[in-house]
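Trainee: Here it is, the structure in full.
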Amino acid sequence: MKILTGNDLKSGAVIWWDGENWSLHVDDATDVGTHGEEIMAREEALRQVNVPYMIDAERTDDGVRPSHIKDRVRALGPTVRPDLTLKPQDPQALDWVI
């Protein structure tokens with residue numbers, strides 16, 4: 001599956017395309033198929049997202065998992081402070097990154 005990510009232009013937060021808007025949660029990401037370039041161009045022109053890009057990911061039983069470790073770290077949040085991650089209640093959150 002192909003998903004879109006970038007950074008929110010106002011806050012700098014990592015965001016994921018959910019099919020209609022941008023979400024802070026990678027699990028909301030939807031497969032953009034062959035429409036990724038079109039969506040990225042439109043959203044960047046609307047100044048909704050900074051430097052959007054398309055990545056490979058897979059949907060697992062635990063949600064959407066980006067293929068590359070860099071994007072898994074971006075999806076989770078700081079790895080040096082698990083209490084600040086987007087999954088603070090998950091004791092195995094850092095296992096998800098690797």
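Derivation of every value follows stated rules applied to the coordinates shown; laboratory data play no part. A quick note: this is a predicted structure, and the numbers were derived from the prediction, not measured. In this analysis, Cβ positions are derived from the backbone assuming ideal geometry, glycine residues included, and neighbour counts consider all displayed protein chains.
Trainee: Could you check the stretch 9-25 and list, in sequence order, the residues that are touching a residue at least 24 places away in the same chain (Cβ under 8 Å), hydrophobic (A, V, I, L, M, F, W, C) and in contact with a Leu (Cβ under 9 Å, 6 or more places away or on another chain)?
Mentor: 14, 15, 16, 17, 22, 24, listed by residue number.
Trainee: Would you mind stating whether residue 60 is among the hydroxyl-bearing types (Ser, Thr, Tyr) and without any contact (Cβ under 8 Å) to a residue 12 or more places away in the chain?
Mentor: yes
Trainee: Can you name every residue in the stretch 1-44 that is loosely packed, with under 14 Cβ neighbours inside 10 Å and part of a helix (DSSP H, G or I)?
Mentor: Result: 37, 38, 41, 42.
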